[in-house]
Structure formats: C-alpha cells, structure tokens
Amino acid sequence: MDVSGGRGQPRPGNDESAEHTGPEAPAPGGTGDAPTAPSAPTPADAKDARPEAPTPDADAPAPESGTPQDTGATPDHAAPDHGAPDHGAPAHGRDRAPEHPEPPVDRPARAPAGRPEHPDHPFAHSGSGKGQAPQRPEERRRGGLLMGRPFGVPVYVAPSWFLVAILITWVFGGQIDRVLPELGAASYLVSLFFAVAFYASVLVHELAHTLAALRFKLPVRRIQLQFFGGVSEIEKEAETPGREFVLAFVGPLLSLVLAGLFYLGLLAVDPSSVPGVLLAGLMVSNLIVAAFNLLPGLPLDGGRMLRAVVWAITGKPMTGTVAAAWVGRALAVCVLIGLPLLTQSGVLGSDAVDNVGMDTVLDALLAAILAAIIWTGAGNSLRMARLREHLPELRARTLTRRAVPVESDTPLSEALRRANAAGARALVVVDADGVPVSLVREAGIVGVPEHRRPWVPVGTLAQDITDGMRVSAELAGEELLDALRATPATEYLVVEETGEIYGVLSAADVERAFVKAMARPS
C-alpha cells in the first residue's frame, strides 16, 4: 500500500518561550496518500557544529528529546521517513529583504507590534538550561538505499524490503517447486526474480501518485519501498477534492493496468512454464495491491478517495478526514478478525482448517500487522488534519523575539545588560551603519561563564546572516515553514517589508509552538 508522509516531527520543548511569543502553531506531518503538512524547521548551525539551543531562562525545563514519527502505513513520516537525504522536494524561498539602517547601537530596535514585552524575563543569565538541537530531517530520516531519481524524486529501498524479499523468495519458491519440480534449487532464483519484479510494479504504483502530484504542482519529497509496499511522500495537500480523488485513484488504477498487461502476456505463453508462472503471480499480486488500496479507509488510497467525496459534499476537508479515518479504524478491526477467519474457512482459496496450526498463527500475525498499520495510519491522519487547521496560526510576527542591535566588539555582559533593560531576548550584530550582519546564538551565550562575559565580544558568538536567514515578518503558516526549511538555522532575522529589523525568530520557539498545538483540540 502507499501513503504519503511529512517530514520530521518537532521535538517537544519547554513552554516558557511559547508563553512569550504568541499563539501556538501545529506540528507538521501527514498520513495516507494525501499530501503532508510541511515539516517543522530544524535548527542547524551554519558551521555544522550542531550547537545546543538552550532556553533563555534557567528555570525553564530543558527540551525533551523525542521525535514522533509516522508509523505503520504512514511514512516513518514523515518523519518520518523520514529519511529523505538530499530530497528533491522544492522549498519555497523568499527574496532577500532590502537592507535598511538600524537604530543606534545604544537603542533597542522597536518592539514587535501586538506582542507584549517581558522585561521580567531577561535575555540570558548565568543559568545553563541546555537542550540538544535536533538533527536535520535528512539525518534523522535517512531510510534506505538510494536507487535513483525518476522525475527528480529520490527512490529509496528500506532495509525492511530485503526481509520481505527473503520471505517472498522462500514462500513463492516452494510453490514454484511444486508446479515445476524439474527446476530444483533454481525455483528459488525464479522466486527472487518475482520478488524484485513485484516491487518494481509497486514502484510504478507509487510513480503514478508522484506524477499526479507533480502535475498538480505538489512537491514530492521521496518514494520509499519498504516492508508492506511503498510510500509516496507528498509534502502538501491537494487544493480541491477533485485533485485529491485523482491523486489517490491513479495508484490503484496503474496496478489494475499492470495486472491487465500481465494477463495479456500470460495468454501468449505456456501457463506451466517459468514465464507463465511469473506472469500469473505478478497478475494476481497487482490485483491484490489494487483491491487492498481501494478499501475505503485511511490511510489507504480508497480512504483518500472517500475523504475527497465527503469533502466535495460537505465542503469541509476536515469532515472528510474524520469520516475516512473512522472508516479506516473499522476496517482495521475487520482485517484483524476477518482475515484469519476467511483464511481458515478456505474462502481465499486454501483448504479449510479445523485445527490451529502454524499457518493459522502466521495468518493471525499477518492480520494483526495489517490491522495495526491501518489503525495507526487512520489515527495519524486525524492528528495531522487537526494540526493543519492550526497551521495558519503559526506567524513569524507573533513568534519573533524582540532584539537589541549591538556592534561586534561590544562585550557580552554589556550587550546582555542592554537586552535585559529593554526587555529583549535576542541580539543582532550590526555594522557601523546599523546594517545587521550576524545573529548572536543562544547556545554561544550560555556557553560563556558569567565571569568571562565582560571580556568576550558578541561578534565571536555570532552567526553570519545569509539571504535565507532573513525572513519577512508577514510570513505565516506553510509559507513560513518553507522559508525556514530551505535554510536550517537556530535563529533567523525577521525584517519588515522596508528592511527594518523586527526581531529574531528562534527555531526552538517554532518547535515549541508546534508541540503545544499538538495537544490542543481541533
């Protein structure tokens, strides 16, 4: 089966910063064949040192480590996955804001409108609340062997696929040996070829989703072949229910087309020959893939199609997601109970079994795994839909910290005194003309003992500002995440459209806003 996922989930952190930075925003992620919500920006040092990113207040709890990821039918998500190193999904960048002279270094930049200052919460002190900066999604979600980049989308084979290939070779090899005993040990070589050909057809199924997504201008992060089929990780949601339906339907449609082609090939060969056995096996397996994915429950393709239909009728995508997710959960229960009963009764083609044997246990185990995948995927779809509802609340203007401009040779202790006096929680290094040139990292400040701060210039703790580290104060929701994701960093300079400094946006604050939104009801 195939599903789409989101990038890495945000790492839980403390709530102190979020209390001062405005409304919370949802964490990204996604399930099913539908596009995923954008992933949270991942802090990264420009020098790749992966610095710690502590909160400014010592009494605030350190961020907890842990990155929820999509499981089962959902991408390992997502995210996932999530690992998609060097992925080909496009990121939305922003033009560099025009530079503008800033206020004198002895006067703080104006406070962001609509956001209360908190002079009782100093910028930094001698406390050392520490938190490990999370890994970049490419590192956290590397999910297998890169096989190629058809249409610019990387295709990975997960390690679990090799386990499946061994199982298919063993099971199908025994069947071939019974049909063609003259092959002997070569039957297992033919079975291995079948396993590779079957997953090649799964890849075609996933490429159908990918081509449809690219046709609708939806970025695809990667395709992954794994234990139970494939995963097409589409980063955004379709804009209309019609596109959602098409995006979900093309996968099973291609599987049916492949089954038809294998059937036509079977007519031209001897069914009892090696090509005949392979073509028959591929025809049946593609029919099973198509039928299974057409079941009307998330995270399957049929669930996405049901979601699109309910969305079109009600005009509310969330209503469609809720309906398809609960149908998916009911489907999971049916698979858990019904599949072993059908197998034992002989309805699926095998002989009826009156006693409990190894085959019965294996059937029950397979049913439990499939049911868990479907149930988990349906639950993740509900959670991601709720988070997407809150995504517009993630605004750079409300999450930005007030900043104080200082020159690079200003002692750290003096810079912190100015910041604390102004109720600011960030430092921006400016040149002689007041133009911002770098940002002082929180991790660098906390790493300097208090007794050494009078002799440490802030310039030694700063990170140069690149074009990607300048973000507009007007960015919000998915557009903001795209901008931060394109240039991973720990802090970003937030500017007005005129180029005036608005403040500093910490990636840790964005992550905390995501985490708080995850706990909020829809």
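The values are calculated or read from the model by the stated rules, or taken from the named source; none is laboratory data. Please read these numbers as outputs of a predicted model, since none were measured by experiment. Because the Cβ atoms are built from the backbone with ideal geometry, glycine has one as well, and the counts that use them run over all protein chains shown. Keep in mind that these areas ignore ligands, DNA and RNA; they rest on the heavy atoms of the full protein, side chains included. Shrake-Rupley method; radii C 1.70, N 1.55, O 1.52, S 1.80 Å.
What whole-number distance in Å separates the alpha-carbon centres of segment 458-522 and segment 272-307? Segment 458-522 and segment 272-307 have Cα centres spaced 44 Å from each other.
The accessible-area ordering, largest first, of the residues D409, D431 stands as D409, D431, per a 1.4 angstrom probe. When you filter the chymotrypsin sites (Phe, Trp or Tyr not before Pro) in segment 208-288 for DSSP loop state and at most 12 other Cβ atoms inside 10 Å of their Cβ, nothing is left. Counting every pair of alpha carbons in segment 217-359, the share spaced more than 19 Å apart comes to 64 percent. Orientation-averaged projection of segment 182-293 equals 7.8 nm² [convex hull of Cα atoms, one quarter of hull surface area].
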